[in-house]
Amino acid sequence: MPGGAAIETSGLTKTFGAQTAVDRLDLSVPRGSVFGFLGPNGSGKTTTIRMLLGLISATSGSVRMLDQPIPRANASVLPGVGALVEGPAFYPFLSGRANLHRLDSADPRARTSTRRRRVASALDRVGLSSAAAKKAHAYSLGMKQRLGIANALLQPRELLILDEPSNGLDPQGTREVRTLIRSLADEGTTVFVSSHLLAEIEQMCTHVAVMSAGRLVEQGRLDDLRASGAQRLDLLTPDPVDARRVLDQLGVVVDPSTPSDDPASMTDGTARLLGELPAGLRAESITAELVRAGVRVRGIVVAGVSLEERFVALTGEGFDVAQ
């Protein structure tokens, strides 16, 4: 992965009257990464994206994109940046192909001689070749999303900024967009993705940043973010009472709802104990202590928390996925 940052902000702030939408944001997006930008509704994600693209001015702070200052260097930087922000808008009675031709013709740097080939290639990459002749008003929301991504891919891009790229897509379309984003990153494009779909972010992103109430609360590699949370224990044993005693001695916080000795809660004579591990305690140490105490272990899993659990821990709330 190339070094340096594709996007870097310092103290980036945006206020609307007495309301602070983005508060002193210091963001660093590594080149070549798939960077997930997370936060609940109203956390400042879209306002940040609009400042990055020069669509609105910052109240204070600075933005550097592809090693150049924004908005001062917009004219030289933005041709290397593709974007899909707040849903695509197209001419409803033109076909998907015709829409891309028209949008491409509005780009003074776009070569007319290669337009037809570039449009066909962009449509193929997002899986819309068979619907290229269909009028845009007949496109589903998911198809419009993919057409918007195709528009962002008409020219070679060093950076893609995508706001909810999987919005309206069915599971197959979501998988296709995920695969596309990964392939673009493999080719060296940095992809900045704002999304509320935590499972998608977890499957395709290398780095994440979490916003809450206009402030950045965490950023870094996805694996590091998950590892920074508590480890979870999932233990199967026919000796739940003795197992709970050993776990208590080790400092494992067993979930209060976990049954300890109720035979009705056991399947095939096996109980399931769930808990949270103290820092530094490893699965092999737990297993050794359980065996030493005569506890029969039929299964044990120690794993990091999910991105959703870390998100809730950082922001104090979950996503409202209906919006």
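The values are calculated or read from the model by the stated rules, or taken from the named source; none is laboratory data. Here the structure is a predicted model, which means the values were calculated and not measured. Glycine also receives a Cβ, built like all others from the backbone with ideal geometry; neighbour counts cover every protein chain displayed.
Does Gln155 satisfy being surrounded by 22 or more Cβ atoms within 10 Å (Cβ to Cβ) and either out of contact with any helix residue (DSSP H, G or I) (no Cβ under 8 Å at 6 or more places or on another chain) or on the phi < 0 side of the Ramachandran plot (or both)? It is false that Gln155 is surrounded by 22 or more Cβ atoms within 10 Å (Cβ to Cβ) and either out of contact with any helix residue (DSSP H, G or I) (no Cβ under 8 Å at 6 or more places or on another chain) or on the phi < 0 side of the Ramachandran plot (or both).
One residue stands out among those in the range 74-103 that are modelled with pLDDT of 90 or more and closer than 23 Å to Thr13 by Cα: the one that is surrounded by the most Cβ atoms within 10 Å (Cβ to Cβ), which is Val81. Filtering the range 107-140 to residues that are loosely packed, with under 13 Cβ neighbours inside 10 Å, over 26 Å from Pro79 (Cβ atoms) and modelled with pLDDT under 90 leaves nothing.
Name every residue in the range 210-237 that is in a loop (DSSP other than H, G, I, E, B), surrounded by fewer than 21 Cβ atoms within 10 Å (Cβ to Cβ) and modelled with pLDDT of 85 or more, in order of residue number. Reasoning before the result, please.
Going through the range 210-237, the residues in a loop (DSSP other than H, G, I, E, B) turn out to be 213-214, 228-231.
The next check asks that each one be surrounded by fewer than 21 Cβ atoms within 10 Å (Cβ to Cβ); those that pass are 213, 228-231.
If the condition is that a residue be in a loop (DSSP other than H, G, I, E, B), surrounded by fewer than 21 Cβ atoms within 10 Å (Cβ to Cβ) and modelled with pLDDT of 85 or more, then Ala213 is the only one that fits.
Condition (residue is in contact with a strand residue (DSSP E or B) (Cβ under 8 Å, 6 or more places away or on another chain) and more than 25 Å from Leu147 (Cα to Cα)) applied to the range 88-97: is it met by at least one residue? No, the range 88-97 contains no residue that is in contact with a strand residue (DSSP E or B) (Cβ under 8 Å, 6 or more places away or on another chain) and more than 25 Å from Leu147 (Cα to Cα).
Inspect the range 39-58 for any residue being in a strand (DSSP E or B), in contact with a Ser or Thr (Cβ under 6 Å, 6 or more places away or on another chain) and not charged (D, E, K, R) and give the result as yes or no.
From the range 39-58, those in a strand (DSSP E or B) are none; that's our starting set.
The answer is no, given that none of the residues of the range 39-58 is in a strand (DSSP E or B), in contact with a Ser or Thr (Cβ under 6 Å, 6 or more places away or on another chain) and not charged (D, E, K, R).
Looking across the range 48-72, the residues that are in contact (Cβ under 8 Å) with a residue 60 or more places away in the chain and either touching a Lys or Arg at 6+ places or on another chain (Cβ under 9 Å) or surrounded by fewer than 23 Cβ atoms within 10 Å (Cβ to Cβ) (or both) come down to Thr48, Ile49, Leu53, Leu66, Asp67.
Residue pairs whose Cβ atoms lie under 9 Å apart, sitting 6 or more positions apart in sequence or on different chains, and linking a residue in the range 181-208 that is free of Cβ contacts under 8 Å to residues at least 60 places away in the same chain to a partner that is surrounded by fewer than 20 Cβ atoms within 10 Å (Cβ to Cβ) and in a strand (DSSP E or B), do not occur here. Scan the range 63-75 and tell me whether some residue there is in a helix (DSSP H, G or I), in contact with a Gly (Cβ under 9 Å, 6 or more places away or on another chain) and within 16 Å of Ser195 (Cα to Cα). No: the range 63-75 contains no residue that is in a helix (DSSP H, G or I), in contact with a Gly (Cβ under 9 Å, 6 or more places away or on another chain) and within 16 Å of Ser195 (Cα to Cα).
Yes or no, residue by residue, for (1) in a helix (DSSP H, G or I); (2) of a type in the set (A, V, I, L, M):
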position: Ile161; (1), (2): no, yes
position: Gly173; (1), (2): yes, no
position: Glu176; (1), (2): yes, no
position: Gly188; (1), (2): no, no
position: Val208; (1), (2): no, yes
